[in-house]
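**Q** I'd like to ask some things about the structure below.
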Amino acid sequence: MSIIRYNKNPILSKDDVPFPVNSIFNPGAAKFKNEYVLVCRVEMLTGRSSFVLAKSKDGKNFKVDSKTCLTPDEHKNFNKYVEWGIEDSRVAKIGSKYYLTYTGYSKHMPLVMLAETEDFKKFNLLGPISEPSNKDCALFPEKIDGSFYKIDRPSADGRHDIWVSKSPDLMHWGGYEFLTEPAAGTWEADKIGISTQPVKTKDGWLVLYHGVRGFGISSIYKLGVMLLDLHKPWILIGKSSEPILSPDLEYERIGDVSNVIFSNGWIIEDNGEVKIYYSGADTNICLATTSIEYLISLCK
Ligand code: BMA
């Protein structure tokens, strides 16, 4: 098994959105009541992003809702942290609730926002769970030894490393631990960030991440995979030495931001099949499939 791109990619592009948008991309993904739900980022014509849901029975054919599900304006007290847009949600199911971690973008620069929902209709906005600059945050789907955990990517003085922290209540965070850093001289030389919500396997927490290498005026975004210790998730067991998905086809190479493969959502089926939702060139939504066993084998 390897990674197989769906032959009808892209599965969504701006023509599938029933209202005017510049682009639809970077969806978080969840299964809710036997449906696949994508929390898609729509960049409006203003250049600021909101979220809209797309739903599917089979994980391949999606219908985009007729209106947004969450906008910066709906953030009321938190509006000042999201007034330039909300971006790139990761969805974690913890107990019976779904939690969205997403980027709030404003003059203060990116930070991590948290919202919870039980039905994907009403979103309870819980506010920032980091200071800027920080993004690419995913929550672990269950407590580990009594604490909630998150992975995120603070940026300080030009560093773009991935960190893990813990919380008693998802709002107050501490116990910060460094997880991993860009690998000099490779496809992930300049920046890394977690892509998808971690998934528990018998070998460890499996998670996709993106790696970036800059070449003059352009940066190339590729996907990798890593495996983290089940009890101490700041311990990296191993990661793919090569990218698992790189921009290659036209819909990944050409768009608003060229040469980008970016993912922030996946679905793991009961039989171990993995559906990776990703975007090409910050312009569309695509699907690739693989298996849990294959991804784990790349980390060993
Ligand atoms: C990252 C984020 C993503 C985007 C990617 C590639 O920094 O802003 O939303 O997909 O860059 O442009």
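The values are calculated or read from the model by the stated rules, or taken from the named source; none is laboratory data. Computed from a prediction, not measured in an experiment: that's the story for all the values here. No Cβ is skipped: glycine too gets one built from the backbone with ideal geometry, and neighbour counts run over all protein chains shown. Ligands, DNA and RNA are excluded from the accessible area calculation, which covers all protein heavy atoms including side chains. Shrake-Rupley method; radii C 1.70, N 1.55, O 1.52, S 1.80 Å.
**Q** Among the residues of the stretch 75-91, how many are within 13 Å of the ligand (Cβ to nearest atom) and among the basic types (Lys, Arg)?
**A** 1
**Q** So, one more: Of everything in the stretch 60-82, what is in a loop (DSSP other than H, G, I, E, B), over 19 Å from LYS122 (Cα atoms) and touching a strand residue (DSSP E or B) at 6+ places or on another chain (Cβ under 8 Å)? Give them in sequence order.
**A** If the condition is that a residue be in a loop (DSSP other than H, G, I, E, B), over 19 Å from LYS122 (Cα atoms) and touching a strand residue (DSSP E or B) at 6+ places or on another chain (Cβ under 8 Å), then LYS60, PHE62 are the ones that fit.
**Q** Report, by residue number, each residue of the stretch 209-227 that is open to solvent by 10 Å² or more (accessible area, probe 1.4 Å), part of a strand (DSSP E or B) and away from the ligand (no atom under 12 Å from the Cβ).
**A** The answer is ARG213, PHE215.
**Q** Now, a different point. I need every pair where a residue in the stretch 73-89 that is on the phi < 0 side of the Ramachandran plot and basic (Lys, Arg) has its Cβ under 9 Å from the Cβ of a residue that is at pLDDT 95 or above and open to solvent by 20 Å² or more (accessible area, probe 1.4 Å), sequence separation at least 6 or different chains.
**A** From residues that are on the phi < 0 side of the Ramachandran plot and basic (Lys, Arg), the pairs are LYS80/LYS107; LYS80/HIS108.
**Q** Would you check which residues across the stretch 60-86 are buried (at least 20 other Cβ atoms within 10 Å of the Cβ) and under 19 Å from ILE276 (Cβ atoms) and list them?
**A** PHE62
**Q** Just need a number here: residues in the stretch 247-272 that are in contact with a helix residue (DSSP H, G or I) (Cβ under 8 Å, 6 or more places away or on another chain) and away from the ligand (no atom under 13 Å from the Cβ).
**A** Residues in the stretch 247-272 being in contact with a helix residue (DSSP H, G or I) (Cβ under 8 Å, 6 or more places away or on another chain) and away from the ligand (no atom under 13 Å from the Cβ): 2 in total.
**Q** Continuing with this model, one more query. Cβ-Cβ below 7 Å, separation at least six or inter-chain, first residue in the stretch 256-281 and without any contact (Cβ under 8 Å) to a residue 40 or more places away in the chain, second in a strand (DSSP E or B) and open to solvent by 10 Å² or more (accessible area, probe 1.4 Å): which pairs?
**A** As it stands, the answer is GLY272/SER291; GLU273/THR289; GLU273/SER291; VAL274/ILE268; VAL274/THR289; VAL274/SER291, since those pairs meet every condition given.
**Q** Related question: Scan ALA183, ALA156, ALA138 and give me the residue that is in contact with a Lys or Arg (Cβ under 7 Å, 6 or more places away or on another chain) and of a type in the set (Gly, Ala, Ser).
**A** After applying the criteria, what remains is ALA138.
**Q** Looking only at the stretch 22-37, filter to residues that are more than 15 Å from the ligand (Cβ to nearest atom) and touching a Leu at 6+ places or on another chain (Cβ under 8 Å); which one of those is nearest to CYS137 (Cα to Cα)?
**A** It comes out as ALA29.
**Q** Next up: In the stretch 92-122, how many are away from the ligand (no atom under 16 Å from the Cβ), touching a residue at least 24 places away in the same chain (Cβ under 8 Å) and assigned to a strand (DSSP E or B)?
**A** Of the residues in the stretch 92-122, 7 are away from the ligand (no atom under 16 Å from the Cβ), touching a residue at least 24 places away in the same chain (Cβ under 8 Å) and assigned to a strand (DSSP E or B).
**Q** For the stretch 35-59: of the residues being open to solvent by 50 Å² or more (accessible area, probe 1.4 Å) and either touching a strand residue (DSSP E or B) at 6+ places or on another chain (Cβ under 6 Å) or modelled with pLDDT under 95 (or both), which is farthest from ASN79 (Cα to Cα)?
**A** The qualifying residue farthest from ASN79 (Cα to Cα) is LYS55.
**Q** Could you grab me the full set of residues in the stretch 166-199 that are surrounded by 17 or more Cβ atoms within 10 Å (Cβ to Cβ) and within 15 Å of ASP229 (Cβ to Cβ)?
**A** LYS166, LEU179, THR180, PRO198, VAL199
**Q** Mind listing whichever residues of the stretch 47-72 are in contact with a Leu (Cβ under 8 Å, 6 or more places away or on another chain), closer than 25 Å to ARG5 by Cβ and charged (D, E, K, R)?
**A** Answer for the stretch 47-72, where residues must be in contact with a Leu (Cβ under 8 Å, 6 or more places away or on another chain), closer than 25 Å to ARG5 by Cβ and charged (D, E, K, R): LYS55, LYS60.
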